[in-house]
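Below is one structure; the comments refer to it alone.
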Amino acid sequence: MRSLDDILEEYEFLEGDERYSLLIELGRELEAMPNALKTDATLVRGCSAAVWVYPTEGAEPGRLHFLADSNAAITKGIVALVIAAVQDKPASEVAGMDVTAALAPFDLRNQLSSNRTQGVPNMIALVKEHAARLAAA
């Protein structure tokens, strides 16, 4: 997965529909999430499309790793952006991180319709809750 900095560098050079295309591309690049993991328990509430986020064990103990998917291309790209902000980072770092601020340069609220971004705070909350649990363990 690309780093958030790399994605932002590319995103800043793009406009309008090109930004949509980049988000769709990011969604396509997500690690495959098995259908068996797409359950009510992994469903992110408050999203206009179905979004699933599943925490898995990172390559190193104490590091976060998530699988994610959506049934809508743009939304899948948005969840990929959220995951890129935290993927494979130490849980203790993410637990104290302002993920919303990390995503602020993408200005998603002004780039996308409100129904596409309404679930972003819930995605962030889920990721941070898992990070806090793992960091406390």
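The values are calculated or read from the model by the stated rules, or taken from the named source; none is laboratory data. If you're wondering where the values come from, they're calculated on a predicted model, not measured in any experiment. Because the Cβ atoms are built from the backbone with ideal geometry, glycine has one as well, and the counts that use them run over all protein chains shown. To get the accessible areas, we keep the full protein, side chains included, count just its heavy atoms, and leave off ligands, DNA and RNA. Shrake-Rupley method; radii C 1.70, N 1.55, O 1.52, S 1.80 Å.
Quick rundown of the values:
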| read-out | value |
| --- | --- |
| Hits among lysines - C-alpha to C-alpha of Lys89 under 19 Å, sequence gap 8 or more where chains match | Lys128 |
| Förster-model FRET efficiency, 30 Å R0, Gln111 and Ala137, C-beta, rounded to 0.05 | 0.25 |
| Å² per residue, accessible surface of the range 1-136 at 1.4 Å | 52 Å² |
| Within the chain: Cβ-based charge dipole about Cα centre, in debye rounded to nearest 20 (Lys, Arg +1; Asp, Glu -1) | 640 debye |
| Reachable lysines, given that their alpha-carbon falls under 18 Å from the alpha-carbon of Lys38 and they are not under 8 places away in the same chain | Lys76 |
| The chain - percent of accessible surface contributed by carbon and sulfur, probe 1.4 Å | 49 percent |
| Spatial separation of Cα centroids for the range 69-85 and the range 10-52, in angstrom | 2 Å |
| Placed amide H near His65: partners under 5 Å, 5+ positions off or other chain | Thr56, Gly58, Asp88 |
| Size of the range 1-118 as Cα extents on the principal axes (Å, biggest first) | 39, 28, 22 |
